[in-house]
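Engineer: Starting off with a structure, shown below.
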């Protein structure tokens with residue numbers, strides 16, 4: 001039982017670290033490193049902010065996580081104004 005919890009915690013940490021790195025990259029540079037993400041995300045800065053809020057919300061507050069999911073969805077749908 002303890003091994004399953006340890007593996008689940010490792011997977012959660014790996015996914016959170018990946019989302020944080022992608023979120024920082026998108027927020028600072030305004031683009032995403034993966035070609036698939038570049039094709040599907042219309043506004044990478046909003047998507048990056050949402051990914052960072054999702055990671056923070058995973059470990060801190062569910063409300064912040066829900067806001068992060070909303071920003072990720074907006075980043076996929078809305079193109080930037082400029």
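A short reminder: the numbers here are calculations on the coordinates, not readings from a lab. Treat the numbers as computed from the prediction; the structure is a model and nothing was measured. Here the Cβ positions follow ideal geometry from the backbone for every residue, glycine too, while neighbour counts run over all protein chains shown.
Engineer: Scan the range 62-79 and report the pairs whose first residue is on the phi < 0 side of the Ramachandran plot and free of Cβ contacts under 8 Å to residues at least 60 places away in the same chain and whose second residue is loosely packed, with under 13 Cβ neighbours inside 10 Å and in a helix (DSSP H, G or I), with Cβ atoms within less than 8 Å and a gap of 6+ or a chain change.
Structural biologist: Qualifying pairs under 8 Å: 76/40.
Engineer: Could you please find all residues in the range 22-45 being under 10 Å from the mean Cα position of the chain (by Cα) and under 16 Å from residue 79 (Cα atoms)?
Structural biologist: 26
Engineer: Among 6, 52, 17, which is the only one that is assigned to a helix (DSSP H, G or I) and in contact (Cβ under 8 Å) with a residue 24 or more places away in the chain?
Structural biologist: Every option except 52 fails the conditions.
Engineer: So, residue 31, is that one free of Cβ contacts under 8 Å to residues at least 60 places away in the same chain and not in a helix (DSSP H, G or I) or not?
Structural biologist: yes
Engineer: Could you please find all residues in the range 55-73 being in contact with a helix residue (DSSP H, G or I) (Cβ under 9 Å, 6 or more places away or on another chain) and assigned to a loop (DSSP other than H, G, I, E, B)?
Structural biologist: Of everything in the range 55-73, nothing turns out to be in contact with a helix residue (DSSP H, G or I) (Cβ under 9 Å, 6 or more places away or on another chain) and assigned to a loop (DSSP other than H, G, I, E, B).
Engineer: Give the residue that is surrounded by the most Cβ atoms within 10 Å (Cβ to Cβ), with candidates limited to residues of the range 9-32 that are over 21 Å from residue 62 (Cα atoms) and touching a helix residue (DSSP H, G or I) at 6+ places or on another chain (Cβ under 6 Å).
Structural biologist: 26
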